[in-house]
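A short write-up of the structure that comes next.
What follows is calculated from the coordinates using simple rules that are stated; it is not laboratory data. Remember, predicted model here, so these are calculated numbers, not experimental data. Positions of Cβ are backbone-derived with ideal geometry, glycine not excepted, and every protein chain shown enters the neighbour counts.
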Amino acid sequence: MFIAWTTVADRETADRLAGEAVARALAVCVQVEGPVVSHYRWQGNQERTAEFRLMLKVLPDRLPALEAWIHGAHPYETPEWVV
């Protein structure tokens with residue numbers, strides 16, 4: 001089993017993505033944490049933002065499909081994706 005992480009800006013989006021990932025059988029479990037505070041640089045500016053982290057538990061054969069789905073469903077232009 002793999003663990004994948006991504007973050008989103010609000011709880012509603014986190015819960016929606018978590019529920020859809022499980023309903024589509026892309027992840028066997030998704031835990032939502034947060035808010036966490038992220039400090040980062042974006043388009044030349046230093047930012048500080050509260051976000052919600054999704055920890056997705058995924059079977060190896062479902063990882064490519066989950067990754068493709070997350071990149072299509074995620075609201076960020078460049079989402080964090082750590083496996």
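Worth a mention:
- Dipole magnitude (debye, nearest 20) for the chain, charges at Cβ of Lys, Arg, Asp, Glu: 120
- Net lengthening on full extension, Val82/Ala68 (0.36 nm per residue, minus Cα-Cα): 3.7 nm
- Using alpha-carbon coordinates, inclination of helix 11-23 to the longest axis of the chain, degrees: 20
- Taking the charge dipole of the chain about its Cα centre, with +1 at Lys and Arg Cβ atoms and -1 at Asp and Glu Cβ atoms, the residue from His39, Val58, Pro79 reaching farthest to the positive side is Val58.
- A straight chain from Arg24 to Lys57 at 0.36 nm per residue would run longer than the Cα-Cα distance by 10.5 nm.
- Highest average packing first - 61-67, 25-31, 76-82, Cβ atoms within 10 Å: 25-31, 61-67, 76-82
- Chain lengthening between Trp5 and Arg41 when straightened (0.36 nm per residue, less Cα-Cα): 11.0 nm
- Ranked from largest, the principal axis spans of the Cα set of the chain equal 38, 20, 19 Å.
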